[in-house]
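Note sheet for the following structure.
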Amino acid sequence: MREEHDQKDNVIQMPGLVERLVDFGMNALKEKRLYDALTYFNQVTQLDEDHPQGRYGLVIANIELNRLEEARIQCESMLEEGLGDYYDVLKIYISLLVQLTDYERVVEILDEALPLETMPSEMAESFEELLKFAREMVEDDSSKLRQQADDHDMSVTTGDLINTIQQGNTEEQWGAIHKLSHREKSIAVEAYRELLASDGHHPVLKSYVLSTLEEMGIKEQFDVHKFGHTYQVNLADANQLFHREEGMKVVRLIRDQLEAENPSLLSLAEQLWWHYLFAIYPVPLQGSGERAWAGALHMHLEKLMNQEGMEVEDFAEIYGTGADELISCCKHIEEIELLLHHFEIHMTDE
């Protein structure tokens, strides 16, 4: 075990890789490619767990994706470890606590922070108002607030959720699909079945429905219309779902090439590959074979990282496949990346 740990520590990183990943993450945030941003900042923290920009980027990406609890945990760890600008992180942390209605924690934190002489005066004034508000909320009748919340939740009927799935925008559909999975199972399954078979709706949304059905323990067969064709999906066959069995063959080939040489690039390749398979399923993979897909993933990421020196023929030789097959697979990966990018824009802009 000691020898394995030493080998991992001795892996040589590409010069400037961390800074480059930070730049990629910041650009992805600006362009609203939020899942890409999350991936890049995760890579930064894997290479340097104390990198302030990487940790801060994770907070912002999670907030933008409405993953508030994850962002809260990241903020707490940054404050505990003294990473980044204390007051910048504190401001975001307090904002998250308010959104999560954790007013008791707001009171606890601000009671400690406000007496600090180093706090900027304009921030202190804002925090004093927040502290007053939080105290009022803590002192309010909590049982009455819970009852109001319960009443609001019950006002959203199963029929409302189905109507949102059929006619809502992408973000509304995503939320309604999740909520419907906790209602009467038979009604939810039929609503999902109708969505999957329709010639409308975003392909990624349909993949999310299939994933939801699997989580619900459904083992039935469904017709899924994607990219102009209808496919039959048997949820009882977990190994075939989302091309998991074929996907692992590709992952093993990439690991053989990158696990020792460049583990950070390997992690990116695996994430990109599973995102790709999730988006296209149940469309069959092109008949190029796992070697072509593995080489295309490697080549595509090297190009993204602006690494020069290797040509298509070099990747073809490494992975034992044809150059034309590599180019074809790489083009398809880029097309699906664009599809995922557009889906993220719909999720954040609507």
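The values are calculated or read from the model by the stated rules, or taken from the named source; none is laboratory data. Keep in mind that what you see is a predicted model, and the values were worked out from it rather than measured. Neighbour counts run over all protein chains shown; Cβ positions are idealised from the backbone, glycine included.
Pull up the stretch 281-300, narrow it to residues that are part of a loop (DSSP other than H, G, I, E, B) and of a type outside the set (G, A, S), then point me to the one that is farthest from N239 (Cα to Cα). Selected residue: Q286.
Regarding G309, is this residue modelled with pLDDT of 90 or more and more than 27 Å from K226 (Cβ to Cβ)? So G309 fails the test. Contact map, the stretch 256-276: residues that are touching a residue at least 60 places away in the same chain (Cβ under 8 Å) and crowded, with 16+ Cβ neighbours inside 10 Å paired with residues that are in a helix (DSSP H, G or I) and of a type outside the set (A, V, I, L, M), Cβ distance under 6 Å, separation 6+ or inter-chain. Pairs shown: S264/Q43; Q271/T39. Here N42 qualifies as at pLDDT 85 or above, crowded, with 16+ Cβ neighbours inside 10 Å, out of contact with any helix residue (DSSP H, G or I) (no Cβ under 6 Å at 6 or more places or on another chain) and in a helix (DSSP H, G or I). Number of residues in the stretch 157-170 that are in a helix (DSSP H, G or I), among the β-branched types (V, I, T) and more than 20 Å from the chain's Cα centre (by Cα): the value is 4.
Taken over the stretch 280-306, the criterion of being surrounded by fewer than 21 Cβ atoms within 10 Å (Cβ to Cβ), modelled with pLDDT of 90 or more and among the small types (G, A, S) is satisfied by G289 alone.
If the condition is being among the polar types (S, T, N, Q) and either on the phi > 0 side of the Ramachandran plot or out of contact with any Lys or Arg (no Cβ under 9 Å at 6 or more places or on another chain) (or both), then the stretch 202-216 contributes S211, T212. Taking I73 as the residue in question, decide whether it is surrounded by 20 or more Cβ atoms within 10 Å (Cβ to Cβ) and assigned by TED's automatic domain parsing to the domain that holds F24. The answer is no for I73. Filtering D23, D50, D111 for residues that are surrounded by fewer than 16 Cβ atoms within 10 Å (Cβ to Cβ) and assigned to a loop (DSSP other than H, G, I, E, B) leaves a single hit, D50.
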